[in-house]
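So the structure is just underneath, and the comments pick up after that.
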Amino acid sequence: MMKKWILVISLVLYGCAEETEKSPTQGPIAEKIATNLNIPWSINLQDNTFYISERVGTIARIQDDHVVHEPVQLSDSLSSVSEAGLLGFALKPDFPETGEAYAYYTYDMNGKPFNKIVTIQRQDGQWQEIAIHLDGIETGNIHHGGRLEIGPDGSLY
C-alpha cells in the first residue's frame, strides 16, 4: 500500500514540476521616470506632465524626466502626526486654463489632527490655497486617508 501512495505522490509532483509553455518576454511592465520624490501620495497626468502630491507639502512636477518640487501655501500648517500631510490631490477638469486643483490635507486644531479639502492654484511654479470646501473633518489617530478623484460626471469624490 505504501509503495502505491509513493507512486501517486511522485506522479502528482512530476505533473506539478512539468514546465508549461512560456510566454514571450515583453520587457518591463513599469518604467522609472523619477527619483527623489518626498513621500508621494496622489498622481495626476496632464499634457505629458505628472503632478504628484507629496505629504511634506510640495507638489512634484515631472516633465521630461526632470523633477521640480513646487511649494504649496496653505491656510493652516500641515500636521506633523504620523501619516499626515498633503494627501489627496486632483487636477480640476479645466486645469489647463485655470491652473486649479483640489487638495486634501491634515492640519492641527486644538492639539488634534483634522482634514480639509481646498482648491489650490498653480502660478509661477508654486501653489496657493484659494478656497476652502470642507473643514474640520475628523480623522483617525494613525491613518488620515485622503484620496480625491474627479468622477465621470465631473464631480469631486
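The values are calculated or read from the model by the stated rules, or taken from the named source; none is laboratory data. Remember, predicted model here, so these are calculated numbers, not experimental data. So basically every Cβ, Gly included, is an ideal-geometry build from the backbone, and we count neighbours across all protein chains shown. Quick note on the areas: whole protein, heavy atoms, side chains included, nothing else; ligands and nucleic acids left out. Shrake-Rupley method; radii C 1.70, N 1.55, O 1.52, S 1.80 Å.
At most 13 other Cβ atoms within 10 Å and a DSSP loop assignment: could you name the trypsin sites (Lys or Arg not before Pro) in region 63-157 that fit?
Arg147
Run the numbers on region 34-92 and let me know its relative contact order in percent, using alpha-carbon pairs under 8 Å that are six or more apart.
32 percent.
What ranking do 91-104, 35-48 get when scored by the average of other Cβ atoms within 10 Å per residue, highest first?
Top to bottom by mean Cβ count within 10 Å: 91-104, 35-48.
Please state the relative contact order of region 57-136 as a whole percent: Cα pairs under 8 Å, 6+ residues apart?
After rounding, I find 25 percent.
Whose amide H sits under 5 Å from the amide H of Gly88, counting only residues 5 or more places off or on another chain, with H placed in the peptide plane?
Under 5 Å from the amide H of Gly88: Tyr104.
Assuming a viscosity of 0.890 mPa s and a temperature of 25 °C, what translational diffusion coefficient in µm² per second does Stokes-Einstein assign to region 43-157, Rh being the Kirkwood radius over Cα pairs?
172 µm²/s
What's the extension gain from Gln123 to Ile43 if we count 0.36 nm per residue and subtract their Cα-Cα distance?
26.9 nm is the gain from fully extending Gln123 to Ile43.
Rolling a 1.4 angstrom probe over the protein heavy atoms, how many square angstrom per residue are accessible across region 100-157?
I get 58 Å² per residue for this part.
Return the long-range amide H neighbours of Ser79 (sequence gap of 5 or more, or a different chain), with a cut-off of under 5 Å between placed amide H atoms.
Gly85, Thr106, Tyr107, Asp108
What length, rounded to one decimal in nm, is gained on full extension from Asn36 through to Ile137, with 0.36 nm per residue of separation minus their alpha-carbon distance?
Result: 33.3 nm gained on full extension.
Mind grabbing the base-10 log of I(q)/I(0) for region 33-90 at q = 0.16, 0.18 Å⁻¹? Debye formula, identical points on the C-alpha positions, no solvent, two decimal places.
-0.46, -0.57
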